[in-house]
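Structure, as structure tokens:
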Amino acid sequence: MTEHDRAGLPGELAGYMPVYSGKVRELFAPISAETGLVDESRLLLVASDRISAFDYVIDSPIPDKGAVLTQLSLWWFERLADLVPNHVIDLPVPEPVAGRAIHVRRLQMLPVECIARAYLTGSGLTDYRQTGAVCGVELPDGLVDGSRLPEPIFTPTTKAPLGQHDEPMRFEDVEDELGADLASRVRGLTIDILALGNEVAADRGILIADTKVEYGVDPVSLGLAPGEEVDWTTVDPDQVEVVLADEVLTPDSSRFWRASEWEPGRAQTSYDKQVLRDWLLSSESGWDRTSGQAPPPLPAEVVQLTRARYVEAYETLTGQSFSTVPTVQQ
Ligand code: PZK
């Protein structure tokens, strides 16, 4: 393992072509051993141990974070399987990314970030304070930071390029982009995923405030070559399979709160990143958030406490003990 890999930076993976690199994850395309050509039907989705805070990727990786998030997503995909099909392909992954990567069906992705909220906070709260609504969904008066909503709502955003911020969309904007039927389908699915997630999590003392999911459709079922443009308004969700992609109900895609600590009217403590944020904002870090400088590397105890929070989230939700998955040579 190189210094590069240890730092959790995006790197090379024998037998795969890098396709895309996000802040904390990468996508690769498998190369066929026989033909040497890229397999256009699949992707390898790799979660790194990198962590972000205050819009920066922190210099210190969190050991096992990528594996915890990958295993949690896989667990949820199974729990959600009666509600929505998913992109997971059960194939072994290469040894260097064991436990923190999955093979997935390469889909034509819908151009909308699908978000559902069960509690009000973050950008939803900002929108509500300014307009009394979130993404055009009218809400009752008197809600505060952390309030439970009367029912989960759909608050989609645009997919902004890396480094830019997603913009809120009204449901009518989604209908213009996807057509009324596909827009209704993804709204219903997204709300149902959050509702089911909260039913499961409630038994384990966790609240899921909100979550972001992505969907795709098999390009073959659209009669397209992979990558070709789609007019989504012509797609009938009863004629093609709408597939849940990306990650689902992880701490990176959702806000988890401890039910016992939930107190509307103040900012809730973040299940996973509170220790890290508190340290960065403390005088001990020597970091000034307004300086424009990157945050410093983390002390070992902050790394270990943060790792413990991820493992605790996994173990509390699944009821299973987290263990690093035995490596399988491909
Ligand atoms: C896809 N992303 C976001 C995820 C990253 C970036 N099954 C799929 N088919 C086609 N495209 C995607 C997926 C999925 N999932 C996902 N961008 C495209 C993303 C993980 C790592 F760097």
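Which FRET efficiency, nearest 0.05, do residue 238 and residue 81 yield, Cβ-Cβ r, R0 22 Å? Mind dumping the intermediate values first?
Working: r = 19 Å, r/R0 = 0.88.
That gives a FRET efficiency of 0.70.
Stretch residue 316-residue 184 to full length: gain in nm at 0.36 nm per residue minus the Cα-Cα span?
Values: separation 132, 0.36 × 132 = 47.52 nm, distance 3.28 nm.
Stretched out fully, the residue 316 to residue 184 stretch lengthens by 44.2 nm.
Round to a whole number: what % of the accessible area of the chain belongs to carbon and sulfur, probe 1.4 Å? Intermediate results must be reported in sequence, preceding the final value.
Values: 7870 of 16150 Å².
The computed percentage sits at 49.
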TODO: With springs only between Cα atoms under 10 Å apart, run a GNM on the chain and tell me which of 270, 254, 123 wobbles the most.
DONE: 123
Task: Choice from 37, 83, 107 showing the highest fluctuation, given a GNM over the chain with Cα pairs closer than 10 Å - done: 37
Open item on the list: What Kirkwood Rh does the chain have if only Cα atoms enter the pairwise 1/r average? Answer in Å.
Closed with: 21.0 Å
Open item on the list: Taking only complete DSSP H runs, can you tell me which helices of the chain stretch 15 Å or more along their own long axis by Cα positions and average at least 0.0 on the Kyte-Doolittle scale?
Closed with: 65-79, 180-202
TODO: Taking a cut-off of 16 Å between Cα atoms, list the lysines near residue 159, but don't count ones fewer than 8 places away on the same chain.
DONE: 23, 212
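What relative contact order, as a whole-number percentage, does the chain give when Cα pairs under 8 Å and 6 or more residues apart are counted? List each step's numbers first, then the result.
Working: 602 pairs, mean separation 65.5, N = 330.
Once normalised by length, the contact order is 20 percent.
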Open item on the list: So, taking all protein chains as they sit and a 1.4 Å probe, how much accessible area belongs to residue 250, in Å² rounded to tens?
Closed with: 0 Å²
Open item on the list: Give me, ordered by chain and number, the residues 5 or more places off residue 49 or on other chains with an amide H under 5 Å from its own placed amide H.
Closed with: 66
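Less than 11 Å Cβ to Cβ from residue 103, Lys/Arg counted +1 and Asp/Glu -1: what total charge do the surrounding residues give?
On the way: positive: 42, 105, 106; negative: 39, 90.
Overall, the nearby charge balance is +1.
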- [ ] Mind computing the radius of gyration and Dmax over the alpha-carbon atoms of segment 180-330? Å is fine for both.
- [x] 20.3, 58
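Summing -39500 (n - 2.57) over the DSSP H runs of n ≥ 4 in the chain and dividing by its residue number, what mean residue ellipticity at 222 nm do you reach, to the nearest 500 deg cm²/dmol?
Details: 7 runs with 87 residues, N = 330.
Rounded to the nearest 500, the figure is -8500 deg cm²/dmol.
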Task: Per-residue SASA entry for residue 310, accessible area with 1.4 Å probe, Å² rounded to 10 - done: 0 Å²
- [ ] From largest accessible area down, sort 17, 169; use a 1.4 Å probe on the protein chains.
- [x] 17, 169
Open item on the list: Please give the Cα centre distance for segment 267-330 versus segment 55-122, rounded to the nearest Å.
Closed with: 18 Å
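Can you tally the net charge around residue 18? Count Lys and Arg as +1, Asp and Glu as -1, for every other residue whose Cβ sits under 13 Å from the Cβ of residue 18.
On the way: positive: 25; negative: 12, 26.
Neighbour charge sum, excluding residue 18 itself: -1.
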- [ ] Show 317, 162 ordered by accessible area, largest first, where the area counts protein heavy atoms only and the probe is 1.4 Å.
- [x] 162, 317
Task: Stretchable slack from residue 37 to residue 277, in nm (0.36 nm times residue separation minus alpha-carbon distance) - done: 82.0 nm
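Please give the direction-averaged projected area of the C-alpha convex hull for segment 206-259, in square nanometres with one decimal. Let's see the in-between values first.
Working: hull surface 19.6 nm².
Orientation-averaged projected area of the Cα hull: 4.9 nm².
Out of all Cα-Cα pairs in segment 88-150, roughly what percent, to the nearest whole number, are more than 18 Å apart? Show your work: numbers first, answer last.
Numbers: 1084 of 1953 pairs.
Tail of the P(r) past 18 Å holds 56 percent of the pairs.
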Task: Distance histogram in 5 Å bins (all Cα pairs of segment 145-257, percent per bin) - done: 2, 10, 17, 22, 20, 15, 8, 4, 2, 0
Task: Rough spin-label spacing in nm, given labels placed 7 Å along Cα→Cβ, for residue 144 and residue 162 - done: 4.1 nm
Task: Residues in segment 97-138 that a label on residue 229 would reach, taking backbone N under 19 Å of a point 7 Å out along Cα→Cβ - done: 108-112
Open item on the list: Please list 3J(HN,Hα) in residue order for segment 24-35, calculated via the Karplus relation 6.51 cos²θ - 1.76 cosθ + 1.60 where θ = phi - 60°; whole Hz, with x for glycine and proline.
Closed with: 10, 9, 9, 10, 10, 10, x, 9, 4, 5, 6, 8
Task: 25, 79, ranked by accessible area, largest first (probe 1.4 Å) - done: 79, 25
- [ ] Would you please give the residues with an amide H less than 5 Å from that of residue 206, counting only those at least 5 places away or on a separate chain, with H modeled from the backbone geometry?
- [x] 259
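The values are calculated or read from the model by the stated rules, or taken from the named source; none is laboratory data. These numbers were taken from a predicted model, which means no experiment stands behind them. Positions of Cβ are backbone-derived with ideal geometry, glycine not excepted, and every protein chain shown enters the neighbour counts. Just so you know, the surface numbers come from the protein's heavy atoms only, side chains and all, with ligands and any DNA or RNA stripped out. Shrake-Rupley method; radii C 1.70, N 1.55, O 1.52, S 1.80 Å.
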